Amino acid sequence: MSHYLVTGGAGFIGTNLTKQLLAEGHQVRVLDNYAGGKKEERFQNGAEYIDGDIRKMDDLNSAMQSIDGIFHMAALPRVTFSVEHPQETHDVNVNGTLNVLLAARDNGVKRVVFSSSSSTYGDQPREAYPLVEDGIVKRPIAPYALHKYIGEHYCRIFSELYNLETVSLIYFNVYGPYADPDGAYALVIAKFLKQLKHGEKMTVCGDGEYYRDYTHVSDVVRANILAMTKDSVGNGETINIGNKNPYSVNDIVKLMGGNFVHVEERPGDVRYTEADNTKAKQLLGWEPKINLEDGIRELKIGWGVVG
């Protein structure tokens, strides 16, 4: 049994991870400032919750007492939000990540698993897909993407300079239980489910021909635990976590069933993403288990959406 800290552990992915860690018998401490509001349904029995901020070193030092490893998920997410609020998101996503690494180093934490994003790759020429972690020139086109790219490099540097074990997992469009369906920056699958639940039309940004490599949150959780426990990693690696099977937003609409309407496209969105997950298979022994059709079917049942 290990004692883990999950920053942002009351968020979408963090909640799913906390739940699984507890199920495996680990002790879990969550540090979260509830920037998106406290959602009581996300709280997991058996976890210790601390109201704190990764921008504050005192909060981090207190939260890291007797901690073996850190899953660093706290962030102000969403590409579009970062375009509108570049300074605020930089403070949390870049300075906050540096703070986490410094506190981990100074408190004797063994390993940090960092949540990065496929948006770090930016717009790539079509022949570059599927995207391979090493050897490709990343071209972030939004502040959030740049923040995560900087975080990857900070993790690598802390491994090289300070012998802090780090791994950066590059998520490709995560979906699943506890995803936030509300607001202008809601994840598309969760947003569509809520719209259908309330008898509304699904709102498709632009022409709907944005292709994404959707990855179920349970597969992402499994990747995180492997990244924390495998001896084959810990030297600042970056590892894609994706299905290698992209779908367009229009494809999602068809899988959902129901009426839809086109709205204005969002700034900062790339047109296409697709992961090469060979490195995850080689280093972590990881590969996705849930395909998009099955994942959406389960979510529709959970939401009580017919069709």
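What follows is calculated from the coordinates using simple rules that are stated; it is not laboratory data. Owing to the predicted nature of the structure, the values given are computational and were not obtained by experimental measurement. FYI the Cβ positions are ideal-geometry reconstructions off the backbone, even for glycines, and counts take in every protein chain you see.
Enumerate the pairs (first residue in the stretch 143-169 and of a type in the set (Phe, Trp, Tyr); second residue anywhere and assigned to a strand (DSSP E or B) and surrounded by 18 or more Cβ atoms within 10 Å (Cβ to Cβ)) with beta-carbon separation below 6 Å, excluding pairs fewer than 6 apart on the same chain, so at least 6 apart or on different chains.
Cβ pairs passing all conditions: Phe158/Thr166.
Which residue pairs have Cβ atoms closer than 8 Å, lie 6 or more positions apart in sequence or on different chains, and pair a first residue in the stretch 10-33 that is within 19 Å of Val92 (Cβ to Cβ) with a second residue that is among the small types (Gly, Ala, Ser) and in a strand (DSSP E or B)?
Close Cβ pairs (under 8 Å, with a partner that is among the small types (Gly, Ala, Ser) and in a strand (DSSP E or B)) amount to Ile13/Ser115.
If Lys254 satisfies all but one of (1) of a type outside the set (Val, Ile, Thr); (2) more than 30 Å from His198 (Cα to Cα); (3) free of Cβ contacts under 8 Å to residues at least 24 places away in the same chain, what's the number of the condition it fails?
Checking Lys254 against (1) of a type outside the set (Val, Ile, Thr); (2) more than 30 Å from His198 (Cα to Cα); (3) free of Cβ contacts under 8 Å to residues at least 24 places away in the same chain, the one that fails is (2).
Inspect the stretch 126-138 for any residue being aromatic (Phe, Trp, Tyr) and part of a loop (DSSP other than H, G, I, E, B) and give the result as yes or no.
Going through the stretch 126-138, the residues aromatic (Phe, Trp, Tyr) turn out to be 129.
If we keep only those that are part of a loop (DSSP other than H, G, I, E, B) too, we end up with 129.
Checked against the condition, which is being aromatic (Phe, Trp, Tyr) and part of a loop (DSSP other than H, G, I, E, B), the stretch 126-138 yields at least one hit.
Among the candidates Leu31, Leu5, Leu21, which residue alone is assigned to a helix (DSSP H, G or I) and closer than 23 Å to Gln65 by Cβ?
Numbers: Leu31 fails: assigned to a helix (DSSP H, G or I); Leu5 fails: assigned to a helix (DSSP H, G or I).
Going through Leu31, Leu5, Leu21 in turn, just one is assigned to a helix (DSSP H, G or I) and closer than 23 Å to Gln65 by Cβ: Leu21.
Among (1) outside any helix (DSSP H, G or I); (2) within 12 Å of Leu284 (Cα to Cα); (3) over 12 Å from the mean Cα position of the chain (by Cα), there is one condition Asn240 misses while meeting the rest; what is its number?
(3)
Go through the stretch 88-113 and give me each residue that's surrounded by fewer than 21 Cβ atoms within 10 Å (Cβ to Cβ) and either in contact with a Pro (Cβ under 9 Å, 6 or more places away or on another chain) or among the acidic types (Asp, Glu) (or both).
Glu88, His90, Asp91, Asp106
Could you tell me which residue of the stretch 153-181 is farthest from the chain's Cα centre (by Cα), considering only residues that are outside any strand (DSSP E or B) and crowded, with 24+ Cβ neighbours inside 10 Å? Before you say what the answer is, go through the steps one by one.
Applying the first criterion (outside any strand (DSSP E or B)) to the stretch 153-181 yields 153-164, 172-173, 176-181.
Then keep just the ones that are crowded, with 24+ Cβ neighbours inside 10 Å; that gives 155, 172, 176.
Details: Cys155: 16, Phe172: 8, Gly176: 12 Å.
Top of the filtered list is Cys155.
Condition check ((1) over 20 Å from the mean Cα position of the chain (by Cα); (2) within 19 Å of Lys201 (Cα to Cα); (3) not in a helix (DSSP H, G or I)) across all residues:
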| site | (1), (2), (3) |
| --- | --- |
| His262 | yes, yes, yes |
| Glu265 | yes, yes, yes |
| Ala280 | no, no, no |
| Leu283 | no, no, no |
| Pro288 | no, no, yes |
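Go through the stretch 272-297 and report how many residues are of a type in the set (D, E, K, R) and loosely packed, with under 14 Cβ neighbours inside 10 Å. Give the derivation first.
Taking the stretch 272-297 as the starting set, the residues that turn out to be of a type in the set (D, E, K, R) are 274, 276, 279, 281, 287, 289, 293-294, 297.
Subsequent filtering for residues that are loosely packed, with under 14 Cβ neighbours inside 10 Å retains 281, 289, 293-294, 297.
So the count comes out to 5.
Among the residues of the stretch 132-152 satisfying the criterion of being touching a Phe, Trp or Tyr at 6+ places or on another chain (Cβ under 9 Å) and of a type in the set (Gly, Ala, Ser), which is surrounded by the fewest Cβ atoms within 10 Å (Cβ to Cβ)?
Ala145
Taking Ser218 as the residue in question, decide whether it is over 18 Å from the mean Cα position of the chain (by Cα), small (Gly, Ala, Ser) and either within 21 Å of Ser116 (Cα to Cα) or assigned to a strand (DSSP E or B) (or both). Lay out the reasoning, then the answer.
Numbers: over 18 Å from the mean Cα position of the chain (by Cα): no; small (Gly, Ala, Ser): yes; either within 21 Å of Ser116 (Cα to Cα) or assigned to a strand (DSSP E or B) (or both): yes.
Judged against the criteria, Ser218 is not a match.
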